[in-house]
Amino acid sequence: MVGYLAPVSPSLQEIGLAVKRLQWRHHREANRRLSVHGGLSLVQWDVLRHLHDRPDATLHTLAVLIFQTDQSLGTLVKRMIDRGLLKRADSPGRATRHELTDEGKRAYEAGSQIVEAVLADSVCTLTDAERVILHKLLIKAAQTGDLP
């Protein structure tokens, strides 16, 4: 076969950059849409999402899940309490826990639709089979580190 070139595998850096570019696109667009339609940031919505999914999560657990330090999350949670999105929850022991207020639940639900639309803009360009493969590969690659 004249003129046939075997496909060249991308370098590890090229793969890492492609993942980062997609993540950056999602974050930038989600932040833009969330701020316009509810005044949330993606990080604030992520706190609401994780508390919705894990209502017993401590501040430390939340910090790990959203890739923040305990201190920065504490500051963020205080602002979210002041805004009426969260409230302190009664909890045994010394661990500090929070829960969504009714306003926080509404913001979470509205934000979920926005984030879903942002992801659909890129991920829905893949077939169902490609999305299954992508998900499996990303999970597999992430299991090699210390991510939550």
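The values are calculated or read from the model by the stated rules, or taken from the named source; none is laboratory data. Please read these numbers as outputs of a predicted model, since none were measured by experiment. Glycine gets a Cβ as well: all are built from the backbone with ideal geometry, and neighbour counts include every protein chain shown. These area figures cover heavy atoms from the full protein model, side chains too; ligands, DNA and RNA do not enter into them. Shrake-Rupley method; radii C 1.70, N 1.55, O 1.52, S 1.80 Å.
The residue of the stretch 29-52 that is surrounded by the most Cβ atoms within 10 Å (Cβ to Cβ), among those that are closer than 14 Å to Ala117 by Cβ and basic (Lys, Arg), is Arg33. Restricting the first member to the stretch 101-112 and to residues that are closer than 11 Å to Leu42 by Cα, and the second to residues that are charged (D, E, K, R) and open to solvent by 30 Å² or more (accessible area, probe 1.4 Å), the beta-carbon pairs closer than 7 Å and six or more apart or on different chains are Tyr108/Arg49. For the condition modelled with pLDDT of 95 or more, of a type in the set (Lys, Arg), open to solvent by 80 Å² or more (accessible area, probe 1.4 Å) and closer than 22 Å to His135 by Cα, Arg21 qualifies. Scanning the stretch 20-63 for residues that are over 12 Å from the mean Cα position of the chain (by Cα) and among the hydroxyl-bearing types (Ser, Thr, Tyr) turns up Ser35, Thr58, Thr61. So for the stretch 110-128 (the condition being touching a Ser or Thr at 6+ places or on another chain (Cβ under 6 Å), open to solvent by 70 Å² or more (accessible area, probe 1.4 Å) and at negative phi), does at least one residue qualify? Within the stretch 110-128, not a single residue is touching a Ser or Thr at 6+ places or on another chain (Cβ under 6 Å), open to solvent by 70 Å² or more (accessible area, probe 1.4 Å) and at negative phi.
Do we have any residue at all in the stretch 100-109 that's closer than 20 Å to Ser122 by Cα, at pLDDT 95 or above and of a type in the set (Phe, Trp, Tyr)? Looking through the stretch 100-109, none of the residues is closer than 20 Å to Ser122 by Cα, at pLDDT 95 or above and of a type in the set (Phe, Trp, Tyr).
Of the candidates Arg131, Arg97, the single residue that is farther than 20 Å from Leu22 by Cβ and in contact with a helix residue (DSSP H, G or I) (Cβ under 9 Å, 6 or more places away or on another chain) is Arg97.
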